[in-house]
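What follows draws every value from the coordinates through simple rules; no lab data is involved. Computed from a predicted model, the values in this text were never measured in an experiment. Please note: Cβ atoms are built from the backbone with ideal geometry, for glycine as well, and neighbour counts cover all protein chains shown.
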Amino acid sequence: MRLEQLQAFLAVVETGSFQQASQKCDVNQSTVSRQIQSLEASLGIQLFHRGASAKVTIGGERLLPHARKICQEWKNVEQELNDLQAGKQTELCVAAIPSACAYQLPPVLQSFAKTYPNVQLRVTTLGSDRALKVLKDGLIDLAVVMNNPFLTSSSEMVVDLLYEESIQVLMAADHPLSCHQQVTWKDLDRHDQVVFKDGYGLQRLVQEQFNRQGLHLNAVLELNSLDAFRGVIRQGDLIALLPATALKDVSNDPSLAVREIVAPTLTRQIVLVTTGDRLQIPPIYHFRKLTCELIQSKNRILSEQGFYTSPRSALSNQLLAANPQRMTH
């Protein structure tokens with residue numbers, strides 16, 4: 001059973017004539033006759049009484065409401081897909097890491113809302129690994145996350161490097177390490193730390209660096225909120241390794257201090273990830289373009305001021321060499 005057979009069936013029912021049905025379907029009469037015959041053969045029952053006019057049999061009467069429903073559903077599907085391609089989708093879903101939600105995305109979201117006022121923006125704060133999983137599952141349209149080549153290497157993924165930033169140490173202003181302008185990895189090894197919960201890319205990045213140094217990460221508390229990190233650090237002897245983005249306004253808080261790490265320094269790349277098929281949808285394409293333009297431009301300025309590392313570091317060059325067709329700047 002094929003859709004065009006059901007459409008021919010409905011046309012004959014509505015016109016009472018194979019000839020008029022052929023005009024309605026924009027095919028010749030013999031084509032309509034073959035479609036009805038094939039449909040009858042497939043169902044094993046006669047659908048029309050052939051005479052001066054085509055009248056529906058009892059079998060045709062039973063088929064009629066179902067045929068109408070199927071054809072209407074197909075029209076609905078066509079309309080939805082046409083609307084999607086025309087940018088008439090009702091919502092756009094984004095998942096982003098906490099620092100991006102707090103400091104990078106707000107101007108993007110405001111600009112997008114002005115361009116697409118009828119598209120409901122839904123933004124969720126998630127860890128990088130979780131955000132990439134829900135993207136693969138089709139639950140969101142785009143993700144702003146810490147780059148993880150192991151999760152973004154599939155051919156359908158499109159990855160844009162937004163910026164690269166250093167990882168710094170947050171501590172209370174009166175912490176013993178605050179007397180140093182820079183701290184070493186061995187210094188960090190001697191102090192208890194607050195870390196992001198499992199599933200956040202930063203937690204994995206920090207743990208891997210400690211492993212490379214042959215040191216132990218003394219993680220005594222897991223959190224998933226930047227505000228919670230500050231509150232806990234402010235009240236005690238714990239320290240935390242956090243991205244520069246999340247620490248840029250700490251200088252305004254006299255109860256906290258931030259220190260750089262002596263080489264080997266640690267950085268992370270923040271990327272925008274979506275899939276190639278989604279970029280065919282105008283609002284998603286525009287959101288990606290807008291995000292890249294606004295965030296990359298903003299962070300180029302901050303990089304020149306020494307706040308971020310250069311986006312074309314050795315690490316990003318390695319990623320580009322491995323995935324030249326998927327990672328863009």
- request: For helix 58-85, report the angle its Cα long axis makes with the longest principal axis of the Cα atoms of the chain; keep it between 0 and 90° and round to the nearest 10°.
  value: 40 degrees
message: Can you give the log10 of the normalised intensity I(q)/I(0) at q = 0.17, 0.19 Å⁻¹, computed with Debye over equal Cα scatterers of segment 3-85?
response: -0.66, -0.79
- request: Taking the Cα centre of the chain as origin, sum charge times position over the Cβ atoms of Lys and Arg (+1) and Asp and Glu (-1), and report the length of that vector in debye to the nearest 20.
  value: 820 debye
field: Base-10 log of normalised Debye intensity for segment 201-257 (one unit scatterer per alpha-carbon) at q = 0.24, 0.27, 0.31 Å⁻¹
entry: -1.10, -1.25, -1.38
- prompt: When the Karplus curve 6.51 cos²θ - 1.76 cosθ + 1.60 is applied with θ = phi - 60°, which whole-Hz ³J(HN,Hα) does each residue of segment 230-245 get, with x for Gly and Pro?
  reply: 5, x, 5, 4, 4, 9, x, 9, 6, 10, 8, 9, 9, x, 4, 4
- line: Long-range amide H partners of THR124, meaning residues 5 or more apart or on another chain whose placed amide H is closer than 5 Å, are VAL94, ALA95, ALA96
- line: With ALA21 itself left out, Lys, Arg at +1 and Asp, Glu at -1 over residues whose Cβ is under 14 Å from its Cβ give +1
field: Neighbourhood charge, 10 Å Cβ-Cβ cut-off, centred on TYR200 and excluding it, Lys, Arg +1 and Asp, Glu -1
entry: 0
message: Using the Karplus curve 6.51 cos²θ - 1.76 cosθ + 1.60 with θ = phi - 60°, what ³J(HN,Hα) values do you get for each residue of segment 202-208, in whole Hz, with x for Gly and Pro?
response: 5, 4, 5, 4, 5, 4, 5
query: Roughly how tilted is helix 282-304, in degrees to the nearest 10 and between 0 and 90, from the longest Cα axis of the chain?
result: 10 degrees
query: What are the residues whose amide H is under 5 Å from the amide H of VAL158, where those residues sit 5 or more places off or on another chain and H is modelled from the backbone?
result: THR274, THR275, GLY276
statement: The pairs in LYS136/LYS298; LYS197/LYS248; LYS75/LYS114; LYS136/LYS186; LYS133/LYS289 lying past 27 Å Cα-Cα in this model are LYS136/LYS298; LYS75/LYS114; LYS136/LYS186
field: Crossing angle, helix 3-15 versus the chain [Cα axis fit, 0-90 degrees, rounded to tens]
entry: 40 degrees
- request: Only helical DSSP H runs with n ≥ 4 go in: add -39500 (n - 2.57) per run for the chain, normalise by residue count and round the 222 nm mean residue ellipticity to 500 deg cm²/dmol.
  value: -14000 deg cm²/dmol
statement: In a Gaussian network model of the chain with springs linking alpha carbons closer than 10 Å, the residue among LEU132, LEU170, LEU256 that fluctuates most is LEU256
task: State the three equivalent ellipsoid semi-axes of the chain, derived from the C-alpha gyration tensor as the square roots of 5 times its eigenvalues, in descending order and whole Å.
output: 62, 18, 17
field: Bins of 5 Å, starting at 0 and running to the largest distance - Cα pair percent for segment 164-267
entry: 2, 13, 26, 29, 21, 7, 1, 0
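Using the Cα centre of segment 3-85 as the reference point, and only Cβ charges (+1 on K/R, -1 on D/E), how large is the resulting charge dipole? Debye, rounded to the nearest 20.
With Lys and Arg at +1 and Asp and Glu at -1, about 400 debye.
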